[in-house]
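So the structure is just underneath, and the comments pick up after that.
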Amino acid sequence: MNRELFGVFGGIDAFERRRSSDDFDEVLAGPTLTVGIRDSDLGAPGWSAAYTGDEGCCLVWGEAYVPGDESNAARWLLERYAVDGREALTALNGSYLAVVDADSSGDAFVATDPVRSRECFYTDDPGTRVFGTDAAAIGRTIAEPTLSRNGVLEFLHLGVILGEKTAVTELHRLPIDSRLTPASVESFDRFVYDPQSPAAFDPVDELAERLEGALRRRSALPGRAGVLLSAGYDSRIILSRIDAIDRSYTVGSLEAQEVRGARSVAAQYGTSHTAFPPDERYLRPDESKVRYSQGIKESLHIHHAGYTDDIEVDTMYHGLLCDTFFRGHFTASETVDVLDKRVPTGRLDPDPDPVEALLETVGYSRDASRALAERTSFDVDPDAFVRDALADEFAARRDRAGTVQNALSCCGIANQPSMPFHTHLSDHFVTSFLAADRDLIDWHLLTPPADRTTDTFLRACTRIDDDILRHRPPDRPHDSTLLNEVEGFVRRKTPFLSSFEPPWPDREALFERYDFDRRLLGDLEHVHRLPARYKLRLTDLRGWLECWDSRVRLRPWLRPPERAAANTFG
């Protein structure tokens, strides 16, 4: 990877036994830990920072903002930690990992931001606890890695490994809102739901004010600025308020509704627009893309990866997870039956079944998973396995939320499958993550789930820019969620009416057009009739394992072609 954080709970000798200091731009050695950072933008405003002083040493990795005029977030955090202890982390804002070795208190730890928007992997296998941001690099320190059966099954059936597991038994990751110490993992209470009454907390006013503040904080990031732009709602609020953005990018053909919509929004705000054609670069999971899956989440979500060399900016903005934090993506809605199809009404389900609700929002297909199970050596019913795994994960998040709806959101945020999108961007550009702003996270925690809706978000956005909806998203012509769903259904079922186009290119067509069955899975002919998404998961997992340890193979867990069951998709 271009940027990396790697450390040990130990001295410089323990560090050097596993990595050379020459691999990093800076190495900080404290009394308890040693950590190296490789980042060409180290020290840029709003970005990674390092500091060593009388108080100890500190490293902040990623996007970070602090109160006041201090330009070095690491120095600010170390000095405030000496006074306020763990409370200092409450005021650190952004998408980051923080490494602290404080002389005054003797504390040494690695802390996530409140929502774990950046992963920290660790292992105790070498005898000294090793940690870092590159799962493959941490994996190389494990003497005899073994595949995690549950981790692999979750990845293949859901596209994400839940909780703190990885695909390797000896490799772990920090939980949401937590810190790693030399001998323990400890939880914080920065991400705990506390919904307020409308009389005390107006969701629209608060969101508008906090959005403006978050965008101001991100307005001075360095160099040429661009945005990954969709025709939807989330990225346009960024474009409307960050004057420095003069380039926008969308993946899709020039004729696609999504591209035409994004081009109109770009023109509205005087920004150039580039559309990348959905050729084999969009889908091809080569090492430069698979590495960012970290073996825990599918690389499919890194839509822009194949086009990185053609993106001519230094700082990149995006609207990832705005739907999750502001518009209730993981809350469970009531549905109505329309011609035998369940259509969400936009109203909350008063008594949701947590597992059923999560199954609606994760990448699970019962038929596809059964077909995959017939082609593997796992003796497991995929439906029962997935339901049990989701139930366990929901229970693990329950203490952070007083209601089922908020617990569903917490579970979704803790296991967000699209995070490789951000991981890849942040390895190539200074990357702004608007939804991870601390004030906006607090808004999410303080706002009742009934008010975390598209309507609330759009009302807040129009207070910031009353012309923001000049061009509506092509698949959302109405203000009402129910009307949009009904019109989409009617268009799909009525001859001579064109359907709303999906926002992303057709994976199945691309998989066939570029002969990926032969090129990626030529030795596994018995899986060729599976859906493209499942075949990409197999490719991701094999590729990630092989990029760091050739001894760890998925192949023994896949049945040979002569034992594969008859195709269920034929």
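In the set (1) 0.95; (2) 1.20; (3) 0.99, the label that goes with Rg/Rh (Cα atoms, Kirkwood Rh) computed for this structure is (1). Working note: Karplus 6.51/-1.76/1.60 with θ = phi - 60° gives the range 235-243 the couplings 7, 6, 5, 5, 4, 6, 10, 9, 5 Hz, where Gly and Pro are set to x.
With a Cα cut-off of under 16 Å and a minimum spacing of 8 residues unless on different chains, the lysine pairs in the chain number 5.
Peptide packing for 348-360, 153-165 was compared via the average number of neighbouring C-beta atoms within 10 Å per residue; ordered from the highest value, the list is 153-165, 348-360. Peptide packing for 195-201, 25-31 was compared via the average number of neighbouring C-beta atoms within 10 Å per residue; ordered from the highest value, the list is 25-31, 195-201.
Loop-located trypsin sites (Lys or Arg not before Pro) across the range 427-466 with a Cβ neighbour count of 11 or fewer within 10 Å are lacking, with loop assigned by DSSP. Distance distribution P(r), the range 7-54, all Cα-Cα pairs, bin width 5 angstrom from 0: 5, 21, 29, 22, 16, 7, 1 percent.
Where only DSSP H runs of four or more residues are counted, the chain gives -9500 deg cm²/dmol as its mean residue ellipticity at 222 nm, each run worth -39500 (n - 2.57).
Normalising the average separation of contacting C-alpha pairs (under 8 angstrom, six or more residues apart) by the number of residues puts the relative contact order of the chain at 16 percent. Highest mean packing first, where packing is the average number of other Cβ atoms within 10 Å per residue, the peptides 103-112, 361-370, 292-301 line up as 292-301, 103-112, 361-370.
Cα convex hull, the range 507-557: 77 Å³ per residue, rounded to a whole number. A cut-off under 12 angstrom between Cβ atoms defines the neighbours of Gly36, and their net charge, with Lys, Arg +1 and Asp, Glu -1, is -4. Per-residue Karplus couplings for the range 248-257, computed as 6.51 cos²θ - 1.76 cosθ + 1.60 with θ equal to phi - 60°, are listed in order as 9, 9, 9, 8, x, 6, 4, 8, 5, 4 Hz, Gly and Pro entered as x.
Bear in mind these aren't lab numbers, they're just calculated from the coordinates by the rules spelled out. Quantities reported herein were computed from a predicted structural model and do not represent experimental measurements. Cβ sites come from the backbone with ideal geometry, for glycine too, and all protein chains shown count toward neighbours.
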